[in-house]
Each structure stands twice: as structure tokens, then as C-alpha cells.
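Notes follow the structure.
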Amino acid sequence: MFQAVIFDMNGVIIDDERIHQESWRQLCHKYDFHLTEDEFKHNVFGRTEADTFAYLFHKQLTPEELERYSSERVEIAISIFKPKLALAEGLLQFLQELHVCNVPLAIATSARKPYTNFVLDGLNIRQFFKQVVTAEEVSKSKPNPAIYLMTAKKLSVDPKSCIVFEDLLSGIKSAQAAGMKVIGITTTHVAEELNIADKIIDSFKHINVDDLRKL
């Protein structure tokens, strides 16, 4: 029986992968970096900004450099997304159902705190989540299980009793490496690409607490 549910944020709670791609494109254009679609998929999406900037600059940035470039990219993303910020289809009802059932919820995201705060406060959903873990709190990015292990520890639950919602293969592998069940959502990848997940959905309209009990 599951004891907690953990959500990735980008591409799960909100459909913002294209927003982030555009923000990275604008930042890369400014600094004359040229990324292919394959490079975006493998070196940007689902990774910490520290890892992405290290990939772009071919070196580890100092904390001051990382903060400066990260803040710049987040400001670009917020400016693009602010007029169209919206919760994933069916998610509010699902969060409410989990809340009624007293299921502890958390977010484990590769995004940094400023963007995470923008999303949670902009959508007025912070009250649903007992814990929020962001990129600053872990040194290793997905597919390393560190962020999911930390989230389970903060929830005071066994990782094996957690169910995770993810949209990326790196996130699915991260949660599974932590011993968790994973439901993939087809925001970023088609269902066939997410076939390592324990269950696949294309919308939160198609999931409920009884479905989680069957995993």
C-alpha cells in the first residue's frame, strides 16, 4: 500500500517544457551557444541547471556564476510563461482527492527555488504539498535517485511506499532507482518512450486514488 505521492514539476504539474526550451534557446542565443534537439533532450531537460551550465561552458561554474546565469534564465522563462501559466488538466481534482484521503504529497523538481515558487504561488497550490525539494538541495541530478530519496526522508516514509509522477526518462529512472513506483505522463514523450514506467497516463483526468492502490 502506498503512503505518499511525489510529483515532478516541469512537464507534470505544468506543461512548460516548450517554455523552458525557448528560455534556454534565448539564453544560448545571447551567449552564442548552439544546441541541437538531441542535446536539449539529453543535456537540458530533467537535469539540474548546474549540470547544464557545466555542459555549455565546459566547466563547473562558481556558485556566483551559477546564480547569475540561472537567475537570468529563470527570468526569461517566467516572462514567457507568466501570461499562460496553467495547471495540468485534471490535476486540481486529483490533488483534492488525495488531500481528502490524507495522502502526504511532495514535489521533487530539477527546477530551482525561484521558478518553483513562481509556479506554486502563481497556481495557488502550495497548500497541497507537505514537502518541496528543488535543485539547490541535491548535488546529483536525475537519473541519480538522490532527490527522490531526500524527498521520502523529508516525508518520513519508506521510499518503496512512494508513487511518483514523471514525464522524462531520467526522472523515471531516478525514482525507480530509489525503489519507487512510477506513473509516466505523456507530456514530453509518447507512451512508447515511457514504457519503463509502472503505468502511463496522458492526463490526470485518467487517474484516481483507487488506481494508485492497484500499483
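Quick note: the coordinates plus some simple rules give every number you see, no bench work behind them. On a predicted model such as this, the values are computed, not experimentally measured, just so you know. With ideal geometry, Cβ positions are generated from the backbone for all residues, glycine too; neighbour counts draw on all protein chains shown.
Over the residues of the chain, the helix contribution to mean residue ellipticity at 222 nm works out to -13000 deg cm²/dmol, using -39500 (n - 2.57) for each DSSP H run of at least 4.
Note on H99 and S71: with the Förster distance fixed at 41 Å, the Cβ-Cβ geometry gives a FRET efficiency of about 0.80.
Ranked by the mean number of other Cβ atoms within 10 Å of their residues, highest first, the peptides 59-65, 141-147 fall in the order 141-147, 59-65. Quick one: helix 17-30 against the long Cα principal axis of the chain, what's the angle to the nearest 10°, folded into 0 to 90? Rounded to the nearest ten degrees, it is 10. Volume per residue of the convex hull around the Cα atoms, evaluated for the stretch 105-215, comes out as 103 Å³. What you get for the chain, charging only the Cβ of Lys and Arg (+1) and of Asp and Glu (-1), is a dipole of about 580 debye around the Cα centre. Between the stretch 56-125 and the stretch 158-202, the C-alpha centres lie 19 angstrom from each other. For Cα pairs less than 8 Å apart in space and 6+ apart in sequence, what is the mean separation divided by the residue count of the stretch 17-83, i.e. the relative contact order in percent? It rounds to 42 percent for the stretch 17-83. With only Cα atoms counted, the stretch 17-83 has Rg and Dmax values of 11.3, 35 Å.
Across the chain, the convex hull enclosing all Cα atoms gives 110 Å³ per residue.
Here is the link list: K84/K160; K30/K59; K154/K214. Which ones come out longer than 27 Å on Cα distance?
Numbers: K84/K160 36 Å; K30/K59 19 Å; K154/K214 25 Å.
Those over the limit are K84/K160.
Relative to the longest principal axis of the Cα atoms of the chain, helix 91-100 runs at roughly 50 degrees. Annotation: aspartates and glutamates with alpha-carbon distance below 20 angstrom to K130 (same-chain offsets under eight excluded): D8, E97, D121, D158, E166.
Given Cα pairs under 8 Å that are at least 6 residues apart, what percent is the relative contact order of the stretch 50-140?
Averaging sequence separation for qualifying contacts and normalising by length gives 26 percent for the stretch 50-140.
The C-alpha atoms of the chain define a longest principal axis, and helix 146-155 lies at about 40 degrees to it. Note: relative contact order over the chain, using C-alpha pairs below 8 Å and six or more positions apart, is 26 percent.
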